[in-house]
Amino acid sequence: MSEIGSFEEHDTVEKHVIRPPIPKALKKYWNNRYNLFSRFDEGIWLDYQSWYSVTPERVAYYIAQSIFESHQPELIIDAFSGCGGNTIQFAKFCPVISIELDPIKIAMAKHNLSVYKVPSSRVTFIQGDVLDVLRSIDFASQYRTVLFMSPPWGGPSYSGKSTYSLSDLIPYKFDVLYKAAFRITPYIAAFLPKNTDIDELAHYSTDKNRIVVTNFLYEGYSKAICCYFNMKNVLTSTALQQA
Ligand code: ADP
């Protein structure tokens, strides 16, 4: 695990940026690029994998705003930074620690943050395996911390399943991630597939601490959910036409 100060090897990083001609499998995501990043044309960098896993800007903003308005965190930990879609929006509200395994994605996230004029002091990137990093964090209890995770769903094939089990998340099952997160803070938000098994989710709910689930809709269809654990007063639901 290492903290990345400046990763300036643009040649190496830029090699991974997807540019026209766009691969056929990514065409529908490319057509949606301004919903992913309204400033796309100002030079956003995304690698192949990030095209289908980045959170659309309005969704990321809505989640950041919901967390901030309900909870006023002093620190947000973004446990799976990817190319920075969520981190950019969290950084509008408070300092962020962003965890990511892939140094190329960290370099792209830093670049994308600069497109959105986020001061570099606002976000600390930690490169490493999410569990190793979460288990090493020992300062978060000093701050009012919210941990957000958008873990890998296993690529676009998740949507073919009638019900998505929390054990299907890779590389770690949800329960493992939740326990590692809970050691740091009880205030946890998770961005999960629309078909997540609600009965499994309910295991994390108590009478005192209900889970709030926000369903993100596009043209009337659910696209994804965001689940807030142990967090009261989160805005409950929205329909985002452009999400
Ligand atoms: P999806 O399946 O939703 O498309 P991805 O496979 O793109 O998700 O993964 C989301 C992000 O999580 C990626 O940026 C990936 O590098 C990162 N990631 C994957 N595994 C780990 C891990 N063990 N620790 C930290 N980050 C990880």
Checklist line | Dipole magnitude of the chain about its Cα centre (Cβ charges: Lys, Arg +1; Asp, Glu -1), debye to nearest 20 | finding: 580 debye
Checklist line | Within the accessible area of the stretch 51-151 (1.4 Å probe), percent carbon and sulfur | finding: 50 percent
Next item on the list: Return one quarter of the surface area of the convex hull spanned by the alpha-carbon atoms of the stretch 110-243, equal to its mean projected area, in nm².
Entry: 9.8 nm²
Check: In percent, what relative contact order does the chain have, based on Cα pairs under 8 Å that are 6 or more apart in sequence?
Finding: 17 percent
Margin query: Taking the Cα centre as origin and putting +1 on Lys and Arg beta-carbons and -1 on Asp and Glu beta-carbons, what dipole magnitude results for the stretch 126-180, to the nearest 20 debye?
Written below: 160 debye
Margin query: To make sure I understand the rule: partners must be lysines, Cα under 20 Å from the Cα of Lys28, and not fewer than 8 residues away in the same chain. Which ones qualify?
Written below: Lys194, Lys223
Checklist line | Average accessible surface area per residue within the stretch 68-191, 1.4 Å rolling probe, Å² | finding: 39 Å²
Check: If r is the Cβ-Cβ distance from Ile22 to Thr206 and R0 is 35 Å, what FRET efficiency results, to the nearest 0.05?
Finding: 0.15
Next item on the list: Under a 10 Å cutoff between Cα atoms, tell me which one of Thr12, Thr196, Thr124 has the largest fluctuation in the Gaussian network model of the chain.
Entry: Thr12
Item checked: For the stretch 1-114, size of Cβ-based charge dipole, Lys and Arg +1, Asp and Glu -1, in debye -> 640 debye
Checklist line | Sequence-separation-based contact order of the stretch 35-165, relative, with Cα cut under 8 Å and 6+ spacing, percent | finding: 28 percent
Next item on the list: Specify whether the C-alpha gyration tensor of the stretch 66-161 places it in the rounded, prolate or oblate class, a ≥ b ≥ c being the square roots of the eigenvalues: rounded for a/c under 1.5, otherwise prolate if a/b is larger than b/c and oblate if not.
Entry: rounded
Notebook entry, point to check: Which of Leu166, Ala189, Tyr218 sits closest to the plus end of the dipole of the stretch 158-242, meaning its Cα is farthest towards the positive end, when Lys and Arg get +1 and Asp and Glu get -1 on the C-beta?
Noted result: Ala189
Next item on the list: Determine the equivalent ellipsoid of the stretch 45-96 by diagonalising the alpha-carbon gyration tensor, then write out the semi-axes as square roots of 5 times the eigenvalues, largest first, rounded to whole Å.
Entry: 21, 11, 7
Item checked: Tail weight of P(r) past 23 Å, computed on alpha-carbon pairs of the chain, percent -> 47 percent
Checklist line | Helix-only [θ]222 nm of the chain, DSSP H runs n ≥ 4, -39500 (n - 2.57) each, per residue, nearest 500 | finding: -8000 deg cm²/dmol
Check: If you add up the charges near Ser165, with Lys and Arg at +1 and Asp and Glu at -1, over every other residue whose beta carbon is less than 15 angstrom from its beta carbon, what do you get?
Finding: -2
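The values are calculated or read from the model by the stated rules, or taken from the named source; none is laboratory data. What you are looking at is a predicted structure, and each value in this text was computed from that prediction instead of being measured. For neighbour counting, all protein chains shown are included, and Cβ atoms are generated from backbone atoms with ideal geometry for every residue, glycine included. Just the protein is used for accessible areas: all its heavy atoms, side chains included, with ligands, DNA and RNA removed. Shrake-Rupley method; radii C 1.70, N 1.55, O 1.52, S 1.80 Å.
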